[in-house]
Every structure is written in structure tokens, then in C-alpha cells.
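**Q** Let me begin by handing over the structure; questions about it come next.
The values are calculated or read from the model by the stated rules, or taken from the named source; none is laboratory data. Please read all numbers here as calculations on a predicted model, not as lab measurements. Note that each Cβ is placed from the backbone with ideal geometry, even for glycine, and that neighbours are counted across all protein chains shown. SASA here: full protein model, heavy atoms, side chains in, ligands and nucleic acids out. Shrake-Rupley method; radii C 1.70, N 1.55, O 1.52, S 1.80 Å.
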Amino acid sequence: MKKSIFWAAAGLMALAACQQQQAGFTIQGTAVGAADGDTIYLQNFDGTNMVKLDSAVVKNGTFEFKGTPDSLVTSRFVTYMKGDNRMSTMLFVEDGVIKVTLDPENSKVSGTPNNDILQQFSDTFAAISKELNEAYEKSQQDSTLTEAQQDSVELALDQKQEEGLAKVFELVSANIDKPAGVYLLSSFGPSFDVKKVQPLFERIPAAYSNDPEIVSLKEYVDTAVKTSEGEKYIDFTMNSPEGKPVRLSDFISKNTYTLIDFWASWCGPCKREMPTVVEAYDKYKNKGFGVVGVSLDNNADSWKQAIKDLNITWPQMSDLKGWQCEGASLYGVRAIPATVLVDQQGTIIARNLRGVALMKKLGELMK
């Protein structure tokens, strides 16, 4: 009996040793348009540049990489560059056989858990993008649409985009305990509702929780949650274009609803959006609607000139610190234009309303 236990244990040890020897990754792939003798590279992105880690030569139409993954599952890139033919796809290096198809139109990865998740995301994202592009192009080609119909199309596109983001969020949430889920969160986190994102950080594996991008995202989310819909606005003081200190609360207390508009003279999208803000202000200012502009400029003359050029007639404030604008930091603003709609009691009603969505919301509130 003792002997059989010993031999059973020895057999298990031998099996374990065999499994350990076999552990590792194999990347097997094809590249559309690549010829035998061409080189495929396995690369790492160091935050600035692509760094070549390994290379493989195409033989009989295929290429292969073998190796031992790092202690953590990490993302890498498989790339092909020859003349004008350049293809690249991201994958996760982990134990198992990873299948890769490099294609200038639609590269694919599969075969291991995290790469299957990545491909599921890619397929979902591609389908959403295709639907949005087709709907947009169709609307642009129809010259018979009235302004009201065009507004309706724009709202429908916004709704489709929100539905698409919801699908991506579901995928991220379902896989946040895996490297692929963590990667997708770091990439798309700022696009999601911050109150939905915040609980996900508790589910991230400890080994990935100190990733710089995750740390930065958490800082942003923790800040943005404090000024999300349903929360009270945060007051701050800055200077007017004339150099006089003004408080945000000075304006909010006077209006039924106030739009805090984060913008800058150097921001192209801000300039394109400004006619809508002007229209909203002119239409509803006599009903208690006000706007306060918070500029992320760092040049006072440029700021003042833009106010004039863009027909801005509502109050403005700035600390002329650019992206270090303290007011923007309080509200977790990472991109502009950005808006925060506040009622007279100081409750945040909505964030990032623009275009047709802004006019629609104000139409509902200012009846």
C-alpha cells in the first residue's frame, strides 16, 4: 500500500514536471499579403515607442513565436511592415496556443482566455462602429431632411452610441477580474458612467491595481463621482476677463438653471459647439437660463478675442492655467468642450450635454 502511494505520488510529480516543461505560449499566425521569407515582429509598446522583442520568418504562409510568458499576463503587438503593407494587432501573451490573423482590414486573435475576450470586444466594437457609420452616412446623403428630422437623426445616433457603450461596459464588467477586462477598463473607463465604474476597481486583481493607467483612471473617477448627476456642485473662484475675482455660486444662485461650459479659445470642437450654446442662451435666458464659461486658456488676449469672435455674452472666468485649470480639475474634466447643468438649488442635473441633446434637455426643463 505504501509502495503504491509512493509510486502514485512519483507519477503525479513526473506529470507536474512534464506540464511545467510544456507550459509556455505559442503564437501561430498568417499575414495577408506576406510572402515566404518576410519578417513578423513581436513588439512591446513602452508608452512612447514600439520595441522589438522577437522576430519570426514567414514560412509556407505562416509564422510562429514561442516563449515563456511574464509572471503577469501582458499585452504585446504582432506587426508586419513591408513597403505600404503595414499590419498590427494587439494580443495578450499567456500560456497556450494563440491564433493570429494579420489583415489590413480586420485582424483577429483567439485561442486563449484573454485573447478570446479581446476578440469578442473587437467584434462587438466593429459591429457598433459599422452601424453608426452607416446610419450617419445615410443621413448625410439624404438632402430632403428638414432641420427637425436632422435633429431627430442626431438624437438617434447618440442613442445608438449609448447602447454600444452599454454593451462594451457589460463586457468589461463581466471580465474585470482578468487582464483583458482591466485593459479594456483603462481604455474606455472615461467614456462610462463614473458611478458604474467606481465599484469595478474593487474587483481588479491586486497584481494589476497599481498599473499607472488604472491608478490615473481611479483618481479621475473618484473626482468625477463627486460632481456626477444628482450630486451638489462644487463652488470655486476665478477671475473674470477684466481680472476681477468671481465665484461660480454668484451666478448659479441667480438662475433657474445654469450651464457651466468648460472651453478654450484654442479648442476647435469648442468653437464648433459654441453656436449651439449661443442659441440656447438667446432662446432661454429670459426664462431663467444662464451660462458660465470656464476657460482653459493660458493666454488672456486669446481668451478675450475668442469671447468677442464667438459672440459670447454670458459671464466668463478663468485662472489662465490651461489644462491645470483648478475648476476643471474639481469636475474631473479631461476633454473639452465639457458641460455641467446645475439647478438653482445647486444639484447637478446633467453632464456633457451638447448639440441637439442640450437643446432637447433645455426644452424639457424650460417649459
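Let's see how each residue does on (1) open to solvent by 40 Å² or more (accessible area, probe 1.4 Å); (2) within 23 Å of Phe92 (Cβ to Cβ):
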{"position": "Val153", "(1), (2)": "yes, no"}
{"position": "Glu170", "(1), (2)": "yes, yes"}
{"position": "Phe192", "(1), (2)": "no, yes"}
{"position": "Val215", "(1), (2)": "yes, yes"}
{"position": "Lys218", "(1), (2)": "yes, yes"}
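**Q** While we're looking at this one, here's another question. Out of everything in segment 285-305 that is open to solvent by less than 10 Å² (accessible area, probe 1.4 Å) and small (Gly, Ala, Ser), what residue ends up being farthest from Ala328 (Cα to Cα)?
**A** Gly290
**Q** Can you name the residue in segment 172-190 that is in contact with a Gly (Cβ under 8 Å, 6 or more places away or on another chain) and crowded, with 19+ Cβ neighbours inside 10 Å and is also nearest to Lys130 (Cα to Cα) among such residues?
**A** Val172
**Q** What are the pairs with Cβ atoms under 8 angstrom where one residue, in segment 298-322, is within 19 Å of Leu248 (Cα to Cα) and touching a residue at least 60 places away in the same chain (Cβ under 8 Å) and the other, located anywhere, is part of a helix (DSSP H, G or I) and β-branched (Val, Ile, Thr)? Sequence gap at least six, or different chains.
**A** Hits for this filter: Gln316/Ile307.
**Q** Now, a different point. Please go through (1) touching a Gly at 6+ places or on another chain (Cβ under 7 Å); (2) open to solvent by less than 40 Å² (accessible area, probe 1.4 Å) for Val246 and return the number of the only condition it doesn't satisfy.
**A** (1)
**Q** In segment 259-339, which helices (runs of 4 or more DSSP H) lie fully inside it and hold 2 or more residues that are of a type in the set (D, E, K, R) and modelled with pLDDT of 95 or more?
**A** It comes to 268-284, 300-309.
**Q** Determine the pairs where a residue that is touching a residue at least 60 places away in the same chain (Cβ under 8 Å), located within segment 208-228, has a partner that is hydroxyl-bearing (Ser, Thr, Tyr) with Cβ atoms under 8 Å apart, the partner being 6 or more residues away or on another chain.
**A** Final answer for the pair search is Thr223/Ser329; Thr223/Tyr331; Ala224/Tyr331; Thr227/Tyr233; Thr227/Tyr331.
**Q** Pick from Tyr257, Tyr208, Tyr233: which is surrounded by 18 or more Cβ atoms within 10 Å (Cβ to Cβ), of a type in the set (Phe, Trp, Tyr) and over 30 Å from Lys285 (Cβ atoms)?
**A** Tyr208
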